[in-house]
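Peer 1: Please find one structure pasted underneath; my questions will follow.
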Amino acid sequence: MTDNSLPQPGPVSAAWQHLWRKERPWPAFLLILLVVTVIDPAQFAPSVAKVASALVSIAPFLAVSILMAAWAGATGADNLIARAFTGAPAMMIVMGALAGGLSPFCSCGVIPLIAALLAIGVPLAPVMAFWLASPLMDPSMFVLTAGVLGLEFAIAKTLIALGMGVLGGTIVHLVIRAGGLSNPLREGIGNGGCGGAKVRAPTPPVWAFWREPARVVKFRLEATKTFLFLLKWLSLAFLLESLMLAYLPAELVTQTLGGTGLAPIAIATLVGVPAYFNGYAALPLIGALMDQGMQAGAGMAFLIAGGVTSLPAAIAVWALVKFRVFALYVAISLGGAFTTAVAFHFWTML
């Protein structure tokens, strides 16, 4: 079976060059190094060494993450999403959360896909379940989270992502049964573009992708794209981590985000919204803060709240749905992040 979205096996070098130009040249990374060189030359070498050693230490997890993303793109496994939104409401909510939390998707993004789902009549409840779980976890994120923050943290974040999806979908379902949240999309919103094609006309995965030259090319392109993306963000994150460890007093972190109370978790939940800028880059930063005294629950709150309601994601959601849906999305995101982070905190104290 031929997938028209697949690249042709011939002129791949141009595509790779495009990917390299897109991911290059890390202006923020170089600018920070330049500022460090001018202000504190002695910190330049330790910061560069930290970036290099951190990338080497995480290389096995990075390799697995890249291969998983490339495999999903080459086989078309992301087309299985369409099967998550059929059946009884409760089953659709659970399957929507599973699809969002466990499956990798194309770079078209979750927002256009959500627009497509709603436009073709999929109920808002399972879409909300998918919506909440999708930014928090996928197989690649699980591998890198386990490598940076530990397997226990990665498992807990996965369970929280699924739980957030099921909880949000259930709340939306109950609100709709009570007569609320009709016609969730804003006027003039399209049907999702290329993201919606996977829902409207799904094609079966081709597990033996190496038998089709176009899918082999797709595998290589996805691997290259993922490698360049992760290398860029993780390099920047490890650089910021080195500076954080050098200049941020551990006592301040411990006083603000440490301890056993609920205040550090609440602070991390609120700070996560404006401060979170990328799920992969956030991992080393949270790891550094936890090494300096940040409690695990606060770290989880930052990742959950920031992952679901980061400013770019919130702006996209605001443009997509009506205010009542947006307000409920924010309330579920922040409330769920705080509640699940508190539960995780007490679990780590056992």
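Peer 1: Among (1) more than 23 Å from the chain's Cα centre (by Cα); (2) loosely packed, with under 13 Cβ neighbours inside 10 Å; (3) modelled with pLDDT of 80 or more, where does Ala59 come up short?
Peer 2: (1)
Peer 1: So, one more: Part of a helix (DSSP H, G or I), touching a Gly at 6+ places or on another chain (Cβ under 6 Å), at pLDDT below 90 and not basic (Lys, Arg): is that true of Val127 in this structure?
Peer 2: Against the criterion (part of a helix (DSSP H, G or I), touching a Gly at 6+ places or on another chain (Cβ under 6 Å), at pLDDT below 90 and not basic (Lys, Arg)), Val127 does not qualify.
Peer 1: Go through the stretch 190-225 residue by residue and tally those that are part of a loop (DSSP other than H, G, I, E, B) and either surrounded by fewer than 16 Cβ atoms within 10 Å (Cβ to Cβ) or at pLDDT 60 or above (or both).
Peer 2: 10
Peer 1: Out of the residues in the stretch 228-269 that are among the β-branched types (Val, Ile, Thr), part of a helix (DSSP H, G or I) and in contact with a helix residue (DSSP H, G or I) (Cβ under 8 Å, 6 or more places away or on another chain), state the one that is modelled with the lowest pLDDT.
Peer 2: Val253
Peer 1: Might you let me know whether the stretch 154-168 holds any residue that is out of contact with any Leu (no Cβ under 9 Å at 6 or more places or on another chain), modelled with pLDDT of 90 or more and over 28 Å from Gly279 (Cα atoms)?
Peer 2: Checked the stretch 154-168: no residue is out of contact with any Leu (no Cβ under 9 Å at 6 or more places or on another chain), modelled with pLDDT of 90 or more and over 28 Å from Gly279 (Cα atoms).
Peer 1: Sticking with this structure for a sec: Is it true that Ile286 is assigned to a helix (DSSP H, G or I), surrounded by fewer than 19 Cβ atoms within 10 Å (Cβ to Cβ), touching a helix residue (DSSP H, G or I) at 6+ places or on another chain (Cβ under 9 Å) and modelled with pLDDT of 85 or more?
Peer 2: no
Peer 1: Here's another thing I want to ask about it. Which one of Gly306, Gly272, Gly297 is at pLDDT below 80, closer than 20 Å to Leu162 by Cα and part of a helix (DSSP H, G or I)?
Peer 2: When all the criteria are applied, what remains is Gly272.
Peer 1: With respect to Ile114, is the statement that it is modelled with pLDDT of 85 or more, buried (at least 22 other Cβ atoms within 10 Å of the Cβ) and either closer than 20 Å to Gly163 by Cβ or not hydroxyl-bearing (Ser, Thr, Tyr) (or both) true? Working first, answer last.
Peer 2: Values: modelled with pLDDT of 85 or more: no; buried (at least 22 other Cβ atoms within 10 Å of the Cβ): yes; either closer than 20 Å to Gly163 by Cβ or not hydroxyl-bearing (Ser, Thr, Tyr) (or both): yes.
Judged against the criteria, Ile114 is not a match.
The values are calculated or read from the model by the stated rules, or taken from the named source; none is laboratory data. Predicted model, so just to flag it, every value in this text is computed and none were measured. Heads up, the Cβs are rebuilt from the backbone with ideal geometry, glycines too, and the neighbour counts pull from every protein chain shown.
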